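What follows is a single structure, written as structure tokens, with notes after it.
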Amino acid sequence: MIAAFFREVAAALAAIWADKGARSTMLGATLFFSVFFPQPYLAEVVRDMPVAVIDQDGSTLSRELIRRIDAADAVAVTRYAPDMPSARALFLKREVYGIVVVPPRFERDLLAGRSAPIAAFSDGGYFLLNSVMSSALTNAARSLGAEVQVGRLTATGVDAAAAMAVVEPLRVTAVPLFNPTGGYASFVLPAVFVLILQQTLLMGIGNLKAGRRPDGALATFADAVVYVGLYALWAGVVLVLLPWAYNLPYIGHIAVMYAVALPFLAAVTAMGFAVARLIPTREGVIFFLVVLGMPLFFLSGVSWPAEAMPAPLHAIAFAIPSTTAVPALVRVNQMGADLRSVEGTILIQFALCLAYSLLAVLAGRLRRLAPGARFGSHSV
């Protein structure tokens, strides 16, 4: 029995290498996407976003405000426009991504203690740029306003420390836990790496198993062991080595990570067998998985909180292993969660593995019993 099992393991490894689709997906695509996908986000945060300024006041304080806006890391004042039509033309040409308008009598109103509003326009269709623009302008205006107000109070004889306490009675220090840089890569990449593992494993199994006669129990078990073992190695590369290489936050324990990753990979493998037996052709499986890729990203709760999704959609999402595995692996790797914190996810992955295994067995038996059943063969 043991010798037969190892023969099946060797046959499964040989099948992966012999099948061009499986080889390119399970070996090449996993590495390619894991290395290529992070490249656009390695800067972590937006820096020096070009901004145009319309200074209608031309005063000392208006120039100081502009200087403070330009001093922010996220934006850079690159153009001065005489009026709004000129600034709008620069915006539509994508030479700038934001416009700041300092109105007339800005300095006079500010020194007189009156409200001195400034206008800011940014690309609301691009939330990241809009947020950067708003943050830079708010910080510059707040610091300048506080400085002017403190100067006004000290001029009346108020102590400088007391004046600062009046202007800013509560000081807030924001500390971004588990993402010290507040970067986009540190936020999205750990979750995307898990989805890459899931999608390439599903596609690889689809290439190997779709349209073929179901193997016996021993061969199927050996295949599953090979797939899980291969992707356990990939999990170490993708979830441990690449975050270290890209300097992403990682404070988790590898043993706890594998305690979640191995049941997750087993559940994905069982799902792959079920999909391959339910869809009769390799092309059909690949098309189904490609179409399913983007919805799986949204259902994982990365781009939008899962708690804010409609309840029926959130319930359906639990049938996909990545829905619960992504937040669990992020908690372990980026937040240092212990085994007890993710034991519920581990049980869900085992339940999904069992459910998809039963579905695969049932689908295989129905195909054998179906009159006129045909099983295709694939060239490699």
**Report entry** Radius, Kirkwood style, for the chain when every pair of distinct Cα atoms is counted (Å)
**Finding:** 24.8 Å
Query raised in the report: For the chain, what's the relative contact order in percent, using C-alpha pairs closer than 8 Å and at least 6 residues apart?
Result: 19 percent
Query raised in the report: Counting Lys and Arg as +1 and Asp and Glu as -1, each charge on the Cβ, what is the dipole of the chain about the Cα centre in debye, to the nearest 20?
Result: 1340 debye
Requested in this report: Assuming a ≥ b ≥ c are the square roots of the Cα gyration tensor eigenvalues, decide whether segment 196-239 counts as rounded (a/c under 1.5), prolate (otherwise, with a/b larger than b/c) or oblate.
Outcome: oblate
Query raised in the report: Is segment 30-164 best put as rounded, prolate or oblate by its Cα gyration tensor, with a ≥ b ≥ c the root eigenvalues, rounded for a/c under 1.5, and otherwise prolate when a/b is larger than b/c, oblate when not?
Result: oblate
Report task. Please report the relative contact order for segment 49-167, taking Cα pairs under 8 Å with a sequence separation of at least 6, and give it as a percent rounded to a whole number. Result -> 27 percent
**Report entry** the chain: most fluctuating residue of Val45, Val148, Val332 per GNM, C-alpha cutoff 10 Å
**Finding:** Val148
Report summary line: Each label sits 7 Å from Cα toward the beta-carbon; between Ala351 and Ser115 the label points are separated, in nm, by 5.4 nm
Requested in this report: From zero up to wherever the largest Cα-Cα distance of segment 232-356 sits, split into 5 Å bins and tell me the percent of pairs in each.
Outcome: 2, 11, 18, 21, 22, 15, 8, 3, 1
Report summary line: Quick shape check on segment 150-285: root eigenvalues a ≥ b ≥ c of the Cα gyration tensor, a/c under 1.5 is rounded, otherwise prolate if a/b tops b/c, else oblate, and it reads prolate
Report summary line: Hits in segment 201-240: amide N under 16 Å from the 7 Å Cα→Cβ extension of Ala18, namely 207-210, 212-216, 219-220, 223
Requested in this report: Please figure out what share of the DSSP beta bridges in segment 49-167 is antiparallel and state it in percent, rounded to the nearest 5.
Outcome: 30 percent
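Readers should treat all values here as calculations from the given coordinates under stated rules, not as data from a laboratory. Model, not experiment: these values are computed from the prediction. Glycine gets a Cβ as well: all are built from the backbone with ideal geometry, and neighbour counts include every protein chain shown.
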